[in-house]
Amino acid sequence: MAKDQRNVEAITPMEVDFAKWYTDICLKAELVDYSSMKGFTILRPYGYAIWENMQSIIDKALKKTGHQNVAMPALIPESLLKKEGELVEGFAPEAAWVTMGGSEKLEERLAFRPTSETMFCDHWHNVLQTYRQLPMLYNQWCSVIRWEKTTRPFLRSREFWWHEGHTIHETAQEAIDETEMILDLFADFCEKSLAMPVVKGRKTDKEKFAGAEATYTIESMMKDRKALQSGTSHYFGSKFSEAYDVTFLGRDNKLHHPFQTSWAVTTRLVGAIIMTHGDNNGLVLPPAIAPIQVIVVPIAQHKPGVLDAAAELRDRLENIDLRVKMDDSEQSPGWKFAQYEMKGVPLRVEIGPKDMEKQQCCIARRDTGEKTFVPLADLESAVQTLLQDVHDNLYAMAEKNLEDNTFDFTSWEEVKEMAQGKGGFARTKWCGSLECELAMKEKAGVSSRCMPLKQSGTTGKCPVCGKECTTDIYWGVAY
RNA sequence: CGGGGUGUAGCGCAGCUGGUAGCGCGCUUGGUUCGGGACCAAGAGGCCGGGGGUUCAAGUCCCCCCACUCCGACCA
């Protein structure tokens, strides 16, 4: 019992202090470390491996839908950044500037990219000539810098890693289709790979990306019932292509500005899965992105044959393309159990002398803690089934959290009560005015999350001004 | 950028009215263990966040920085 106590003491329980619980996991599961650069975090091997797995899945999906990877300069001349007014307004306050090149002062200062719309436009200005070259479907994996005031691992840091997709199209409709297709791709990724349900929707004018005509978003609900914007997809119309003079000769032999999109998910998603699935024993990783999907723990490993038996299980699982590790270190089994629970490994396979006699092994699930004994002959099928079960269960739990904590309200007082109480998503009607949106922030303490793509089509009253309206909107406290 | 909290060994902390640094975990070596964070023994490890004061003497008192962290405002 005393040992169990020590076990829980390892991290702050989420009921006690959710924020501390979160940072405890980030550090103790060895995902990140702080660096000497204020506001910058180091992604450690285990944290980076999670991101790599996410990257790999997204990259494949993007290539399958015709996107090509490119690399743009990390520095943007100020004059280039300034060409589009709203973008400068949005990003200049948090840009990091380079003013020296070696020992010489630069004639023009350079911003470390906070986002690369400008560089892509600059490039397209040079290479685009005819509609036959369209669409151009580009993507780049890189990091960006935004001089954030306060930072938290994965959720907000001055540098973060992401991919940024940038596309240009011949027609507005094509670009809009692209924006929506990508939103679906992101939502699909979150649900199928991260076991994280999302609400798909459109941002209000107040919340949309600087310079965008429309911003689409996927919003997810964390275990503390706060909202996390998990991915965005923007439609720009021809605003940037006009500002940066990007043109092509159309089918009508006239010059046109292409229609543009951009979209991204970031390392923030690592934070999202921590807060969606994690528990008081540590991280809980969805199998699709877990760096180690199965940990094999030999019991009484110095007894003859145990290590060989364990290694055989590892090899068999590797042969069906699972990410497997065997821990034959001198640590005690109990220590290993706790350690890999902290790291969120979905399944643990134990094998010891007793199992060997019975030609079986023990499989423990990270999500439920449930242990089952499996005949050695059934290892592969049992593991595959259990991995799927873990994924399904994680999704079901997250979906339940989202559904149980999404409320339909008609007055701002109800929204306020929710926000000051347990929290959650409030779904109301909205008249569409900025005044009422600001009032919700002021009075109820929530920001608009999105106008869901799935609109009910009903009529109701705006919770602030009482005007009759049809738009459904989600409100919540956001990260 | 406003408000709070914290900086002492890798981590978590103790160190009272000032007197020259300690505990637990971890780490190293050897041995016994191994089905939920094992045990014994011997070790290694400190510019007490940085700078300035006060004092015979500062981890301790005063001032100024800096970093981390939480809560707001801004954002993925």
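General observations
- Violating pairs (Cα-Cα greater than 22 angstrom) within the set A:K60/A:K239; A:K226/A:K336; A:K20/A:K422; A:K226/A:K371; A:K325/A:K371: A:K60/A:K239; A:K226/A:K336; A:K226/A:K371
- Reach of A:K429 by Cα under 16 Å, taken over lysines that are not fewer than 8 positions away in the same chain: A:K203, A:K416, A:K441, A:K454, A:K461, A:K467
- Using the Cβ of A:F160 as centre and a radius below 10 Å, the other residues enclosed give a net charge of +2, where K and R count +1 and D and E count -1.
- In terms of its C-alpha gyration tensor, chain A comes out prolate, because a/c is 1.5 or above and the ratio a/b outweighs b/c.
- Those aspartates and glutamates that a straight Cα-Cα span of less than 20 Å connects to A:K254, excepting residues fewer than 8 apart in one chain: A:E170, A:E174, A:E242, A:D245
- Separation of alpha-carbon centers, the range A:97-123 and the range A:233-280, rounded to whole Å: 21
- Part-to-part distance (alpha-carbon centres) for the range A:144-169 and the range A:414-441, which is given in Å: 27
- Positive minus negative residues near A:F407 (Lys, Arg vs Asp, Glu; Cβ under 11 Å): -2
- Restriction of the trypsin sites (Lys or Arg not before Pro) in the range A:144-250 to DSSP coil positions whose beta-carbon has at most 15 other beta-carbons within 10 angstrom yields A:K149, A:K206.
- Per-q log10 I(q)/I(0), the range A:188-243, q = 0.17, 0.22, 0.28, 0.30 Å⁻¹ (Debye; single scatterer per alpha-carbon; no solvent): -0.61, -0.84, -1.08, -1.16
- Helix-only CD estimate at 222 nm, as mean residue ellipticity for chain A, using -39500 (n - 2.57) per DSSP H run (n ≥ 4): -10500 deg cm²/dmol
- Using the average count of surrounding beta-carbon atoms within 10 Å as a protection proxy, the listed peptides A:84-92, A:160-168 rank, highest first, as A:160-168, A:84-92.
- Anisotropy class assigned to the range A:323-419 is prolate, per the alpha carbon gyration tensor with a/c at or over the 1.5 cut-off and a/b larger than b/c.
A short reminder: the numbers here are calculations on the coordinates, not readings from a lab. On a predicted model such as this, the values are computed, not experimentally measured, just so you know. Here the Cβ is made from the backbone with ideal geometry for all residues, glycine too, and neighbour counts use every protein chain on show.
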